[in-house]
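Below is one structure, written out as structure tokens, with a few remarks after it.
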């Protein structure tokens, strides 16, 4: 599954410093984990709000966050896992595509939903769109950049608050 965003906190080398505190490693791990969960809870709705709807809402509806990690770091990954015919098309929406011939029948629901053109005219319009994509590809839609720009102040606030909390807990 392609990942869209990844935020990683690494504390390798920090263990020696926080080991002097009885609960230091656990305090850091717990607070980093909580901060990553909060960032994920903030990012998913923002990303969904900026995601193009298209015909099926698949890309928007299959947006989620996971927090994981190992002994020297934790990470948050925000995924958009919408697939059609085995192709995860979020990357194509965000980055655009090279020229390729899509199956025009797959475009008919988009033509109906986005352009409001029903059959039989919608099939003809879908064929014309497929031919254009075959010639020039598709333009990128960097909606994820807009979502991240909107989220940046909130992410910074969460990370700053996490640092203050860790420092306060370690100074007890």
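The values are calculated or read from the model by the stated rules, or taken from the named source; none is laboratory data. The shown structure was predicted, so the numbers you read here are calculated from the model rather than taken from an experiment. Cβ placement follows ideal geometry from the backbone for every residue including glycine, while neighbour counts extend to all protein chains displayed.
If the condition is being at pLDDT 90 or above and part of a helix (DSSP H, G or I), then segment 74-106 contributes 104, 105. In segment 53-70, the residues that are over 17 Å from residue 143 (Cα atoms) and not assigned by TED's automatic domain parsing to the domain that holds residue 38 never reach a residue that is at pLDDT 80 or above and surrounded by 16 or more Cβ atoms within 10 Å (Cβ to Cβ) with C-beta atoms less than 8 angstrom apart, at least six apart or across chains.
The residues in segment 40-59 that are surrounded by 14 or more Cβ atoms within 10 Å (Cβ to Cβ) and in a helix (DSSP H, G or I) can be counted, and the count is 10. Taking (1) surrounded by 15 or more Cβ atoms within 10 Å (Cβ to Cβ); (2) outside any loop (DSSP other than H, G, I, E, B) in turn, residue 160 satisfies each apart from (1).
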